[in-house]
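Coordinate-derived values only; no laboratory data. A quick note: this is a predicted structure, and the numbers were derived from the prediction, not measured. When we count neighbours, we look across all protein chains shown, and the Cβ atoms used for this are built from the backbone with ideal geometry, even at glycine.
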Amino acid sequence: MSGQVMRAMAVDALGGVDRLALRELPRPEPAADEVLIRVATVGINRQDLITMVGRFPNPHLRLPHVPGIDPAGSVEDVGADVTRVAVGDRVVVKPPISCGVCELCLAGEDDACPDLRSVGVHRQGGLAEYVAVPERNVFRIPAGVTFGEATVFAHSFPVALTLLRRVGVTERDTLLVPGASGSVGSAIVQLASVIGARVVAAVGGRAHADIVGQLDPFAVIDYVETPTFSSLVRELVPGGVTVHVETSSDPALWTESLACLARRGRVAVIGAHAGPVVQLDLNWLFRQRASIVGCSGSNLAAFGDALELLGEGRLTVPIDQVVSLTEAPAAYRRLMGRDHHGKTIVDLALTT
Ligand SMILES: [Zn+2]
């Protein structure tokens with residue numbers, strides 16, 4: 001039915017969270033290959049802050065823009081060509097949408113599709129009562145998993161599994177994961193354990209060490225307490241770790257982490273929050289026979305497989321705070337604070 005409206009949090013101009021306000025927008029109409037979802041939950045993520053500021057060129061963005069990359073909810077309506085899901089199904093959205101026709105997509109490596117567009121970034125997101133998403137990006141939520149858990153899962157676990165597969169992690173590997181208490185970091189710790197690999201989780205501070213300790217990794221080290229931790233890691237893991245997961249690009253952590261790497265070790269780079277340039281000794285690289293692999297996003301296969309593990313109860317998905325739609329701007333501001341940790345989601349059923 002056309003002409004219906006919905007409540008949405010949207011920015012009317014690029015300029016950050018200050019432009020974010022509750023607005024009445026047209027309810028989306030699903031195209032033939034799309035699913036209309038009545039949103040139950042959506043995450044408060046740093047990606048939204050980047051999108052709302054307009055840090056990167058984004059010619060696909062249309063104002064007013066609705067952020068929200070990882071909605072979960074119930075299928076309200078489906079386009080004429082949709083066959084995999086039906087009205088009433090509980091579903092979660094895989095945020096990046098690949099083209100589906102390029103060589104990488106056809107090879108199942110759609111995380112590397114050169115024409116990726118993301119829900120809530122290049123098109124309208126889920127911080128609203130309704131969102132329309134291509135059927136390919138909609139997955140049924142397993143029984144026993146809540147909407148909120150599915151939302152938090154969608155943001156980090158498929159990315160983590162895609163990374164582990166990209167660097168070929170097996171039960172013979174030992175991983176070093178600095179930032180292991182973060183959302184992607186803790187997902188890597190859990191999925192590596194499911195694969196049977198050992199994880200040395202590295203965190204900054206006692207509180208983070210306690211959080212990640214609950215995931216039962218092989219070892220937890222605190223790089224605030226032990227800034228030169230490579231000798232400690234080499235005591236714990238004679239020969240060194242076979243995989244290092246770089247999440248931050250912090251210069252001191254980078255140097256120490258590389259010093260932990262075994263010969264023929266792999267470095268998986270998934271983030272560079274501290275800045276895009278680091279030092280790399282090429283003599284070390286070739287003598288060590290090391291390799292460095294860039295990882296970003298998730299592919300459809302990893303999303304489905306990780307979701308199955310979630311349904312089997314083998315993953316822990318932490319939710320620290322639940323807020324209403326109107327409380328979303330305040331939640332984004334908290335996320336900008338340096339001491340923020342934990343995961344916040346918006347529950348559309350809350351009315352405060
Ligand atoms: Zn493609």
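Descriptive notes on the structure:
- Pair-distance distribution of the stretch 173-263: all C-alpha pairs, bin width 5 Å, starting at 0; shares per bin in whole percent are 3, 16, 30, 28, 19, 4, 0.
- Which of 211, 188 has the fewest Cβ neighbours within 10 Å, and the rest in rising order: 211, 188
- Net charge, residue 82 excluded, C-beta distance under 11 Å - Lys, Arg +1, Asp, Glu -1: -4
- Orientation-averaged projection of the stretch 206-352 equals 11.6 nm² [convex hull of Cα atoms, one quarter of hull surface area].
- Loop trypsin sites (Lys or Arg not before Pro), the stretch 165-254, which have at most 14 other Cβ atoms in a 10 Å radius of their Cβ (DSSP): 172
- Calculated translational diffusion coefficient of the chain (25 °C, 0.890 mPa s; Stokes-Einstein with Kirkwood radius over alpha-carbon pairs) equals 117 µm²/s.
- Cβ-defined net charge surrounding residue 97, 14 Å radius [Lys, Arg +1; Asp, Glu -1]: -3
- Longest DSSP-loop-exposure-free segment, GluC sites (Glu not before Pro), the chain, at most 13 other Cβ within 10 Å: 1-170
- Sparse-neighbour loop sites [trypsin sites (Lys or Arg not before Pro); the stretch 267-343; at most 15 other C-beta within 10 Å; DSSP]: 289, 314, 338
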